[in-house]
Every structure is written in structure tokens, then in C-alpha cells.
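Asker: Pasting in a structure now, in C-alpha cells, and then I'll have a few things to ask.
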Amino acid sequence: MSERTLYEYAVVRVVPRVERDEFINVGVALYCRKQRYAEVKIYVDEAKCKMLDSEIDLTLIAKHLDSFQRICVGDKGGGKLATLEQAERFRWLTAKRSTIIQCSVVHPGLCVSAEQTHQELFEKLVL
């Protein structure tokens with residue numbers, strides 16, 4: 001029997017008009033210290049985004065999400081934040097903020113495979 005280990009995840013959201021507090025789930029960031037796993041899966045449904053704001057700048061959203069992804073995985077192209085330890089990067093990315101890209105609160109769980117759990121959460125919460 002495989003050992004279950006603690007993981008944490010947050011749903012990544014696009015909030016086209018912050019003052020309206022409406023959002024669309026576009027990704028899931030997952031961190032598992034024991035498995036040394038820190039990744040984010042992203043899918044942007046452009047039609048849904050445009051339903052909330054017909055003038056949304058999808059190019060800007062894509063740039064922000066690309067930065068988010070680079071920081072999460074520790075890609076040097078993500079700048080100085082990407083050089084932080086996995087836990088620090090995850091905490092920074094999931095901190096509460098009032099911007100066009102936001103995260104839900106962080107939720108804990110137990111898993112055998114962080115990668116498999118990440119895919120399941122992504123399919124359930126985003127796709």
C-alpha cells in the first residue's frame with residue numbers, strides 16, 4: 001500500500017472586473033512538499049471570460065498566467081520570485097490579493113500521487 005502524503009492546492013481565478021467580484025476558474029496550483037511537487041495547470045475558456053467582460057484583455061491575462069506558471073515551477077524566466085523555495089513560491093502565489101488573477105483559499109488534502117491528484121482536481125474544478 002502506498003503512503004498518503006499531505007498536499008495543498010488553490011484554484012486560480014480570472015476576475016475581469018474586481019469591483020464586481022465575479023470570477024472564472026482557470027487553473028489549479030498544487031504543492032506537495034514530500035513529493036517535491038509544485039505545479040499549476042491552466043486552461044482559459046475565453047468565451048466565459050468575455051461573458052463577464054466583453055472588453056477583457058485576453059493577451060494580458062495570458063501574460064499574467066504565464067508568469068504565474070513560471071514562478072510556480074521555479075523557471076528562471078519567472079524572475080526573482082521563481083528562485084524562492086517551492087513552499088515560498090506557493091505561498092506567495094496563493095496570497096490574498098485584489099487583482100485580475102486571484103486564488104481561492106488554500107485547501108489541504110492527502111494523496112498518493114500529487115500529479116494524479118492535481119489532474120483530478122483540474123478536471124473537476126476547471127474543465
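Asker: Rounded, prolate or oblate: which fits region 55-127 when a ≥ b ≥ c are the square roots of the eigenvalues of the alpha-carbon gyration tensor, with rounded for a/c under 1.5 and prolate only if a/b beats b/c?
Answerer: oblate
Asker: Still on this structure: Please work out whether region 1-51 counts as rounded, prolate or oblate from its C-alpha gyration tensor, where a ≥ b ≥ c are the square roots of the eigenvalues and a/c under 1.5 means rounded, while otherwise a/b larger than b/c means prolate and anything else oblate?
Answerer: Judged from the Cα gyration tensor, region 1-51 comes out prolate (a/c at least 1.5, a/b above b/c).
Asker: Moving on to the next point. Could you list the trypsin sites (Lys or Arg not before Pro) in region 71-105 that lie in coil according to DSSP, counting only those with at most 14 other Cβ atoms within 10 Å of their Cβ?
Answerer: Passing sites in region 71-105 are Lys96, Arg97.
Asker: Next up: Taking θ = phi - 60°, what integer Hz values does the Karplus form 6.51 cos²θ - 1.76 cosθ + 1.60 yield along region 81-92, in sequence order, with x for Gly and Pro?
Answerer: Calculated HN-Hα couplings, in order: 4, 5, 8, 5, 5, 3, 4, 5, 4, 4, 5, 5 Hz.
Asker: For region 13-62, which GluC sites (Glu not before Pro) are in a loop by DSSP, counting at most 16 other Cβ atoms within 10 Å?
Answerer: Answer in residue order: Glu22, Glu55.
Asker: Can you put Val12, Val112 in order, fewest other beta carbons within 10 Å first?
Answerer: Val112, Val12
Asker: So how far, in whole Å, is the C-alpha centre of region 10-51 from the one of region 60-104?
Answerer: Going from one Cα centre to the other spans 11 Å.
Asker: At 222 nm, what value in deg cm²/dmol follows for the chain if DSSP H runs of at least 4 each add -39500 (n - 2.57) and the sum is divided by all its residues, to the nearest 500?
Answerer: -10500 deg cm²/dmol
Coordinate-derived values only; no laboratory data. Quick caveat: nothing in here was measured; it's all calculated off a predicted structure. Every residue, glycine among them, receives a Cβ derived from its backbone with ideal geometry; neighbour counts consider all protein chains shown.
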